[in-house]
1. In debye, nearest 20, what is the charge dipole magnitude of region 1-83 about its Cα centre with +1 on Lys and Arg Cβ and -1 on Asp and Glu Cβ, if you could check?
2. Which of the helices in the chain, when you take each full DSSP H run, stretch at least 20 Å along the axis at their Cα atoms and have an average Kyte-Doolittle score of 0.5 or higher?
3. In whole angstrom, how long is each semi-axis of the equivalent ellipsoid of region 96-234, when you take the square root of 5 times every eigenvalue of its Cα gyration tensor and sort them from largest down?
4. Would you tally the net charge around Asp76, using a Cβ to Cβ cut-off of less than 11 Å, leaving Asp76 out, and scoring K and R as +1, D and E as -1?
5. Have a look at Tyr214, Val86, Gln62 and report the one farthest towards the positive end of the charge dipole of region 9-231, computed about the Cα centre with Cβ charges (Lys/Arg +1, Asp/Glu -1).
6. Could you tell me which of rounded, prolate or oblate describes region 1-140, using a ≥ b ≥ c as the square roots of the eigenvalues of the alpha-carbon gyration tensor, with rounded for a/c under 1.5 and, failing that, prolate when a/b is larger than b/c and oblate otherwise?
7. Once every DSSP H run of n ≥ 4 in the chain is given -39500 (n - 2.57) and the sum is divided by its residues, what mean residue ellipticity at 222 nm do you get, rounded to the nearest 500 deg cm²/dmol?
8. State the percentage of accessible surface on region 9-231 attributable to carbon and sulfur atoms; use a 1.4 Å probe and exclude ligands, DNA and RNA.
Amino acid sequence: MFSLKFKNFTQFTFIYFLVLAIDILVKLYGPIEYRYFSKPFLIPLLLLYYYHNKETHNKRGQLWVFLALTSFLIGDILIINHLNQVSLAASLLFFTLGKLFFSLKFIHKEDFNVVRLIPFSILLFAYIFLLVGFVYQDLNVFFSAAIFSFFFTLVIFQFAFLRKGVYSSRSYYYVFFGVLLFLVSESIMAIKTFKQNIPYQDFLVMLAYGSSIYLITMGIVFEKDAVGDNEKMT
């Protein structure tokens with residue numbers, strides 16, 4: 001049965017990255033109109049996999065995941081025509097909502113080490129500050145929207161970082177590196193949209209973005225893994 005593929009991690013991973021590869025090829029070599037058929041398949045695949053493998057007891061957490069992925073799906077469709085200012089602004093809004101919903105999913109009630117968070121937050125804030133400073137003069141009417149969006153990038157990164165020790169190492173690193181790749185994708189997209197072209201930008205944006213959403217979703221699925229005693233926070 002087709003649905004069984006959504007219970008098999010290896011089969012699903014192959015299918016997902018095959019679809020991602022097709023979308024990248026369409027983006028690089030096909031007319032922009034074809035993207036409306038190739039790109040929207042990625043998020044629904046993740047939604048189906050998550051639906052078949054989600055935890056059953058955390059209904060609120062499930063809601064945040066579904067809302068986050070749905071927001072990213074809408075943002076994906078809107079940003080295809082990113083040269084249109086209305087589409088670009090709307091896509092920024094939905095990507096920001098997606099980051100907000102993922103942040104709500106990552107919130108937990110366990111104690112965490114604030115001291116460990118401070119240097120990480122400073123480093124991340126410095127990076128975002130430099131990135132915004134680099135594209136600042138070209139943001140124009142998108143300045144407020146960009147600042148708001150990058151603020152939630154900072155938020156989701158911090159909450160992803162604070163998952164360490166609460167969930168298994170596999171769950172933590174999948175989510176953390178997924179968020180890291182999302183930042184890479186977002187950074188390249190910001191530079192190419194508002195500042196200048198960079199080598200292999202379209203390929204890098206889609207590879208980093210598609211991989212990031214995959215890793216984040218898989219990391220959430222892996223929250224069901226047991227946490228070893230050596231992974232517990234003191």
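1. Values: 8 positive and 4 negative charges, 50 e Å.
Charge dipole, region 1-83, about its Cα centre: 240 debye, nearest 20.
2. Numbers: long enough: 9-29 (30 Å, 1.68); 59-79 (30 Å, 1.21); 85-106 (31 Å, 1.35); 114-139 (36 Å, 1.89); 143-161 (27 Å, 2.05); 169-194 (37 Å, 1.07); 201-221 (30 Å, 1.38).
The qualifying helices are 9-29, 59-79, 85-106, 114-139, 143-161, 169-194, 201-221.
3. Values: eigenvalues 170, 57, 28 Å².
Each semi-axis is the square root of five times an eigenvalue, giving 29, 17, 12 Å.
4. Working: positive: Arg35, Lys39; negative: Asp23.
After counting each charged neighbour, the total is +1.
5. Projecting each Cα onto the dipole axis, the largest value belongs to Gln62.
6. Working: a/c = 1.98, a/b = 1.06, b/c = 1.87.
Taking the square roots of the gyration eigenvalues as a ≥ b ≥ c, region 1-140 is oblate.
7. On the way: 9 runs with 172 residues, N = 234.
Calculated at 222 nm, the ellipticity per residue is -25000 deg cm²/dmol.
8. Numbers: 7810 of 11230 Å².
Of all accessible area on region 9-231, carbon and sulfur atoms account for 70 percent.
The values are calculated or read from the model by the stated rules, or taken from the named source; none is laboratory data. Here the structure is a predicted model, which is why all the values come from computation and not from measurement. When we count neighbours, we look across all protein chains shown, and the Cβ atoms used for this are built from the backbone with ideal geometry, even at glycine. All accessible areas refer to the heavy atoms of the entire protein, side chains included, with ligands and DNA or RNA removed. Shrake-Rupley method; radii C 1.70, N 1.55, O 1.52, S 1.80 Å.
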